[in-house]
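Colleague: For reference, the structure I am asking about is given below.
The values are calculated or read from the model by the stated rules, or taken from the named source; none is laboratory data. Since the model is a prediction, treat every value here as computed from it, not as a measurement. Please note: Cβ atoms are built from the backbone with ideal geometry, for glycine as well, and neighbour counts cover all protein chains shown. With ligands, DNA and RNA removed, areas are computed over all heavy atoms of the protein, side chains included. Shrake-Rupley method; radii C 1.70, N 1.55, O 1.52, S 1.80 Å.
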Amino acid sequence: MAKEKYYKKQDQKGVALILAIGILAILAILATSFSLNSRLEYHAAVNYRDLVKARYIAEAGIAKAIVDLKANANMNFVDDALEAWHSGYINQAMGAAYPYSGYKYTTTIVDCGRLINIENTANGQLSVILNNLGTIVGTSDGTIGNTITGGGPYFTVEDLKKVITKDDFDKIKDFVTVHGYIDPNTNRSPININTAPEEVLKALLIGLNDTIDKEKANTIVTIVTDDESAINANRPFRGWDEFDTAIGKMELAEIISSGEADAIKNNFNPNRQKPVNYTTEFSFNSGGYYHITSTGVIERKNGVKVAEATVEAVVKIFDIWTQTTATQFENSVSSNYRNVTWLDSCPVRSDQNWGAPGYDIIANSLKLGYWDDFDPDPAHAHDAYSEAAWEFDGDTGNDIAGSIVLAQGKKAKLDDTHWKFGDYSLTLHESEIETEGEYGAIRLRESESDSEVHLELVSTAPTRVVELKSPVTDTAEAFYYPNKYYRAVLDSSQVDTYYHIYLVDSSSGDTTSLVVPKHSGQASGWSADTIRLESKDDITTTWDNIRIIPETGYYISDTTDLTDPALNPYSDSGVVEWGSIHYTVTIPDTASGASETVLLQTKTGGPWSADLASNDAIPDTNSASIQYRANFQTADNAANVTPQMPYYSETPVLEDVTITYLDKTSILYWRQR
């Protein structure tokens, strides 16, 4: 029994050792696992830390781009591929404050104005533009535009994958956007001609008329001849005059026909009447929208990359305020204008018959001088304009309905608030002046003497004097030629009290006159009475199509108040930083940019700025409101170099005014990857 107990004790001697070894092994495994997990956690934490740093570095690239874009918007209006921001930033180091300068970012900036906005569904031609794009890049879907426009709305470009194949998506993704400026006057997103890819430019050209196909669009955009360059080689454009010149050169070089040139000019200029097969307009900047992609990188001293992060953002840097229609010009001025007109029917060339249909006009613009044909024009309250411009000495027998009808012995005076003239020309057409009697002569006479003064009879195309009767002292020597222009050029340096343009009845000698008063005895300056129409006691007269071109005129817009939420919905106070001003001045073919000018000034609460050229930065301080003043001048033949041509026969034309302003930068899209 004792021996049996002894053996049992001997059998149990190794158990403790085995248990101890097992426990030690388990502890070793646990320690190793803990150590390994700790190292993994440490590396994961380091990697996460580096990834967060890389993301912050990428965001620094976004912030840098926003700062530079705002600075650029402050300096000029035009966005083009020559500006520094367009090249982005490649491996931009964060600076000496960061270790080894191994913190870097690479940023690309794309202005959304260069891309086709697939969310611009108000453009009825959007599917046509996208179909053209598909033809150019070779998508498998021949009507990809119809597919895209029928599949929206889209919140990102990536959403297109829901409606088109991956292959087609890869072909068009770099040419489309879902963000962009939409012109409130056209409800279309214009394309920035200065930065748009060739594929986009071609997509807008195809089909503008029957002869502009894919091949012709390619020629217009890219082909360079010996003497003339295509659109691509003429960039950047800074105004419509430069664009029209480039298209005109291609027409002269017979690269395009006159019909193609007209279709191109009318389609892309927002101030022109659109062709039947329009696409969308061009602009000269981004409209304020930019797509920024920034990649942040952390590198070791040996150049090994340890972390990388990419951030994408779509931002709106600036807003746009614009006037470009006759209605806007009319509605934006209460009383601050003198000697300018916004009427669409106003003639702009001096060599055409303004009494016959078909003379040239530039609609939706401001012109120098007075014009009225007195015809109804409900779109621009033309009747109200005519009624407001003339003051009658009595209402009985007076009427404005297609013309001014003056009863016997009545007078009508042109409003002296808005119409005060210094030196000026007055042009009449005989067929537009009717009386109840038979009139055989027309004369311009000083009121205090019988001598005639400077009345020119010019041909239907008035580029030369047909006959000049001055002085004339006998009624029999006065002249009358039907269907001719009579232009009086009146000089404020003379001291006579009145000038009369007389229509003389050949049988009775009775007269009716257009009276041009001056300050009596003063060497310069016209009186407040300006122009007055008169009828003799026994004559009823009808006056029509009156055109007066003075030396100067101005237009001051009403104050634009950015505290209005409709104009500035993202601002609490409405106070903004002003950007730049852009405006289009068109000089008719018969005029000259050297003698016909328009210059703008701005005011934001202080005094008026100096004259600003188009594309200049607005120098005024931050404020909640702005006005602009447009100063018109004509000085053709001021030196009387060509005596056959009268002074002040031409007019400059202001077609649009656009002002940019910077408020809070809006982040429209943000994505980290």
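Colleague: Working with all protein chains in place, sort Phe175, Phe329, Phe392 by solvent-accessible area computed with a 1.4 Å probe, largest first.
Modeller: From most accessible down to least: Phe392, Phe175, Phe329.
Colleague: Could I ask something else about it? Hand me the GluC sites (Glu not before Pro) from the stretch 203-290 located in a DSSP loop with no more than 12 other Cβ atoms within 10 Å, in residue order please.
Modeller: Counting only loop positions with at most 12 other Cβ atoms within 10 Å, the GluC sites (Glu not before Pro) in the stretch 203-290 are Glu254.
Colleague: For the stretch 34-97, which chymotrypsin sites (Phe, Trp or Tyr not before Pro) are both in a DSSP coil and crowded by at most 14 other Cβ atoms within 10 Å?
Modeller: Loop-located and lightly packed - none at all.
Colleague: Now a separate question. Please work out how much accessible surface Thr32 shows to a 1.4 Å probe, ignoring ligands, DNA and RNA, in Å² rounded to 10.
Modeller: Here the accessible area works out near 90 Å².
Colleague: Any of Lys53/Lys664; Lys171/Lys301; Lys274/Lys413; Lys64/Lys301; Lys162/Lys202; Lys216/Lys274 with alpha carbons more than 28 Å apart? Name them for me.
Modeller: Correct reply: Lys171/Lys301; Lys274/Lys413.
Colleague: Hey, another quick one. Rounded, prolate or oblate: which fits the stretch 88-217 when a ≥ b ≥ c are the square roots of the eigenvalues of the alpha-carbon gyration tensor, with rounded for a/c under 1.5 and prolate only if a/b beats b/c?
Modeller: Prolate, since a/c reaches 1.5 and a/b exceeds b/c.
Colleague: Can you put Thr219, Thr280 in order of accessible area, largest first, using a 1.4 Å probe?
Modeller: Result of the area sort, largest leading: Thr219, Thr280.
Colleague: Right, here's the next one. Which shape class, rounded, prolate or oblate, goes with the stretch 198-298 when its Cα gyration tensor gives a ≥ b ≥ c as root eigenvalues, a/c under 1.5 marks rounded, and past that a/b bigger than b/c marks prolate?
Modeller: It comes out prolate by the Cα gyration axes.
Colleague: In addition: Keeping all protein chains in the complex and leaving out DNA, RNA and ligands, what accessible area do you get for Asp589 with a 1.4 Å probe, in Å² to the nearest 10?
Modeller: Asp589 exposes around 130 Å² with every protein chain in place.
Colleague: Go through 148-160, 262-274, 288-300, 594-606 and give me the packing order, highest mean Cβ count within 10 Å leading.
Modeller: Ranked by mean Cβ neighbours within 10 Å, highest first: 288-300, 262-274, 594-606, 148-160.
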